[in-house]
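> Please read through the structure below; I'll follow up with questions.
The values are calculated or read from the model by the stated rules, or taken from the named source; none is laboratory data. Remember, it's a predicted structure, so these values are computed and weren't measured experimentally. Cβ placement follows ideal geometry from the backbone for every residue including glycine, while neighbour counts extend to all protein chains displayed.
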Amino acid sequence: AQSVAQPEDQVNVAEGNPLTVKCTYSVSGNPYLFWYVQYPNRGLQFLLKYITGDNLVKGSYGFEAEFNKSQTSFHLKKPSALVSDSALYFCAVWTGANNLFFGTGTRLTVIP
Amino acid sequence: KAGVTQTPRYLIKTRGQQVTLSCSPISGHRSVSWYQQTPGQGLQFLFEYFSETQRNKGNFPGRFSGRQFSNSRSEMNVSTLELGDSALYLCASGPSTGRSYNEQFFGPGTRLTVL
């Protein structure tokens, strides 16, 4: 079965510092991995995806993620955090049952 | 193109009642999926509809049901509401083009509160 895990419930980072939100995956075959962001009282917004190709994936709002097959990780990164990046971030994997399996979410707080 | 729309945005019901939520997908999308989001269980897949047929189903009791109409609009119904059904219900639509994954676009959700 396809699954992902987000080991950190909360990540705090100072504005201007680089940020990392961690995600590990467990899949059979080639993984299709996604990052979504959720702002208060909003639905999920797509950030980026890894299907095939370059291990470094660039997405919306300056975010990027690195697919690491040996470590089965797909961490979300941004070189310089903004206060407006504060939100709930979800890693997800496409399952064989035509749906997304989501991690438990990581709340990112960027401190001014 | 307009995005995925969900109505109503907020709903308050009491235990034992039933509720119907509506989702209008992006024009041209034929796949509609429903997810439940709660603080304790996170985001969980409920079911997916394609061409008016339920194609996949998550691990939820039979009180949760859905349907899809010929215009791809979908409704989700929860009968005999329980306190634990309080959640944000998210709908996602996708083109389902036959690739091995189906890009999903999410609506803003319906916040259901059961008292």
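> Considering each residue of segment A:69-95, count those that are in contact (Cβ under 8 Å) with a residue 24 or more places away in the chain, away from every other protein chain (no Cβ under 14 Å) and within 16 Å of A:SER26 (Cβ to Cβ), and give that number.
Result for segment A:69-95: 5.
> Take residues that are within 22 Å of A:PRO112 (Cβ to Cβ) and tell me which of the strands (runs of 3 or more DSSP E) falling wholly in segment A:1-92 contain 2 or more.
A:10-14, A:19-21, A:33-38, A:73-78
> Within segment B:73-115, which residues are among the β-branched types (Val, Ile, Thr), in a loop (DSSP other than H, G, I, E, B) and within 12 Å of chain A (Cβ to nearest Cβ)?
None; the set is empty.
> Also, quick follow-up: Starting from residues that are in a loop (DSSP other than H, G, I, E, B), in contact (Cβ under 8 Å) with a residue 24 or more places away in the chain and at the interface with another protein chain (Cβ under 8 Å from one of its Cβ atoms), keep the ones in segment A:96-112 and report whichever is nearest to A:GLN2 (Cα to Cα).
Per the criteria, the residue is A:GLY103.
> Check segment B:69-83 and report whether any residue there is at pLDDT below 95, aromatic (Phe, Trp, Tyr) and either more than 23 Å from A:THR104 (Cβ to Cβ) or out of contact with any strand residue (DSSP E or B) (no Cβ under 9 Å at 6 or more places or on another chain) (or both).
The answer is no; no qualifying residue exists.
> Anything in segment A:70-112 that is touching a Lys or Arg at 6+ places or on another chain (Cβ under 9 Å), among the hydroxyl-bearing types (Ser, Thr, Tyr) and over 19 Å from B:PHE105 (Cβ atoms)? List them, or say none.
Those that are touching a Lys or Arg at 6+ places or on another chain (Cβ under 9 Å), among the hydroxyl-bearing types (Ser, Thr, Tyr) and over 19 Å from B:PHE105 (Cβ atoms): A:SER73, A:SER86, A:THR106.
> Can you give me the number of residues within segment B:55-72 that are part of a strand (DSSP E or B) and either of a type in the set (Gly, Ala, Ser) or more than 11 Å from chain A (Cβ to nearest Cβ) (or both)?
5
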